[in-house]
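Here the structure is laid out as C-alpha cells; the discussion comes afterwards.
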Number of protein chains: 2
Amino acid sequence: MAKATDGDTAPVPQRLLAAATRLFAEQGYDRTSVQEIVEAAGVTKGALYHYFGSKEDLLQEVYARVLRLQQERLDAFADADAPVEQRLRDAAADVVVTTIENLDDASIFFRSMHHLSPEKNKQVRVERRRYHERFRALVEEGQRSGVFSTATPADLIVDYHFGSVHHLSTWYRPDGPLSRQEVADHLADLLLRALRP
Amino acid sequence: MAKATDGDTAPVPQRLLAAATRLFAEQGYDRTSVQEIVEAAGVTKGALYHYFGSKEDLLQEVYARVLRLQQERLDAFADADAPVEQRLRDAAADVVVTTIENLDDASIFFRSMHHLSPEKNKQVRVERRRYHERFRALVEEGQRSGVFSTATPADLIVDYHFGSVHHLSTWYRPDGPLSRQEVADHLADLLLRALRP
DNA sequence: TCCGGCATACCGACTGGTTAGTCTGCCGGT
DNA sequence: ACCGGCAGACTAACCAGTCGGTATGCCGGA
C-alpha cells in the first residue's frame, strides 16, 4: 500500500508519469487525451501543466527514464571483468529481461518515438546512438580477438539483436509458456550462436 | 508518365491508397487527416467516402495488400523443390527484400496496427498468424530432419527473425552502404548460422 | 436518331464532437 | 501575508464523417 506509483500516496509528478506510461502503451500517444491522464492520476490539468510543459514533455520523460536505465545497465555489463563473449551474452540477455520488465515503456518507445517533435526526436536519437555504439563495440572487440565471426558487419549484428528486443512488445505475454529469463537466455544464445566463427 | 500510381492518371481508389500509404508512413495514422489524403490524391472527401467506408478501411486495405503479397511469396518459396535449409534461407532473405521494397507499408504495419478496431485487428492477426505458422513449419521441418539445432523453440526462432525484419523500417536507409540484397543475405545468413546444430 | 431516366462518380460546405493548452483564483502551510 | 500547488471552466483549433447537389455517360424505347 505504499508503492512508488500508488494512486494517491506517491508525489503527483510520478503519478502522472505512471498513468501516462500505462495509457500511452495501451492506447497510443495520440489516442490518449490529457484529460484521461489526469483522471487516471487523480488530479486535474492544472497539476499536469504545473509540472510538465506539454503532453509531449510527458512522452519525452518516459523515454529519458528508460534510456537512462538501460544505458546504466549496459555500461555495467560491458565494463565487467569477464571474457568478451560472456559480457556480450550478459548484456544481450539483460536488455531482454529489463525490456520485458518494462514492456509498457518498450511499446511506447518503438511505436511513438516518431510523435516527438524533430528537436526532441534528435535528442532521443543521440542517446540511443550512444547505447547502440557501446553494444557494437562489444561485438567488434570479439570480432577483432577472433572469438566472433566477421562475416557480418557489427552494425548489422546490433540491429539484428535489437530487432528481436524491439519485437518483444508485439508477441511476449507474461502468461505465456516462457519466463523472462528463459526468453532472454534463448535470445542471447541465438545471438552468440550466430556469431560463432 | 503512366505508372500505376500516377498523380492523375491512375484510378481514384489507387491514388487514394497510395497517398494514404505515404502519409500514414510519414506522419502516422492519427496525425494524418482525411483532408490531407484527399488533397494528396487530388480529389475531395466525397470521392474517398464513395470508395471507402471510413478512414480505418483505408488502413486495413494497406494491410491486406501487403499481407497478400507476402503470403504468396512465402508459399512459393516454402513449396519449392530444394533442401529445407535452402528454402528457409530463400524465404528469410525474400521477406527482407520485399519489406525494404515496401518500407512504407512496413512502418505502417508495425506502428499503426493497434489503431485498427478490435474486429479488424483480429482479422489481420489471423492472416498474420497463418504467415507465421508457415514459416515456423519450415524451421520445424529442418529441426526434425536434424539440419537445424533444436536448442531453441521454433516459435522463438520465427519471432527472432521477424523482429529483425520489423526493425528494418527503423534503421534501413536506401542511401546507406548496404543494398537490399546485401542486407537480406546477411540477415538470412545470421538466421541460418544461429540454427547450425 | 433523339430523348428521358437513371446510375455512377465526384464535389465541398457543414455539423457535432473532441482536444491541447490557458487562465483565473482558491487553499493550506510557513 | 505570501506562495507553491493545484482546481476546473474556458477557448480556439481541428477533424471524421454527412449530405444535398452536380456532371457525365449509358441504355432502352419511340
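We did not get these values from a lab; they are worked out from the coordinates using the rules stated. Treat the numbers as computed from the prediction; the structure is a model and nothing was measured. Positions of Cβ are generated from backbone atoms using ideal geometry, with glycine treated the same way; all protein chains shown enter the neighbour counts.
So the values come out like this:
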quantity	calculated
Which listed residue is of a type in the set (V, I, T) and either buried (at least 20 other Cβ atoms within 10 Å of the Cβ) or more than 18 Å from the chain's Cα centre (by Cα) (or both), from A:V66, A:V97, A:V34	A:V34
Count of residues meeting criterion [crowded, with 20+ Cβ neighbours inside 10 Å and small (G, A, S)] in the range A:139-153	1
Residues satisfying the stated conditions in the range B:104-119, i.e. in a loop (DSSP other than H, G, I, E, B) and of a type in the set (S, T, Y)	B:S117
Filter result for B:F148 (of a type in the set (A, V, I, L, M, F, W, C) and not in a helix (DSSP H, G or I))	yes
Total residues in the range B:85-117, condition closer than 24 Å to A:H114 by Cα and not hydrophobic (A, V, I, L, M, F, W, C)	12
For A:E56: the one exception among (1) among the acidic types (D, E); (2) away from every other protein chain (no Cβ under 14 Å); (3) surrounded by fewer than 18 Cβ atoms within 10 Å (Cβ to Cβ)	(2)
Filter result for the condition that a residue is more than 14 Å from every other protein chain (Cβ to nearest Cβ), more than 24 Å from B:N121 (Cα to Cα), more than 16 Å from DNA strand C (Cβ to nearest atom) and crowded, with 16+ Cβ neighbours inside 10 Å, over B:A40, B:A82, B:A91, B:A76	B:A91
Cβ-Cβ under 7 Å pairs, at least 6 apart or on other chains, the range B:99-112 side within 12 Å of another protein chain (Cβ to nearest Cβ), far side among the acidic types (D, E)	none
Selection count where residues are more than 8 Å from every other protein chain (Cβ to nearest Cβ) and buried (at least 21 other Cβ atoms within 10 Å of the Cβ), scope the range B:162-187	1
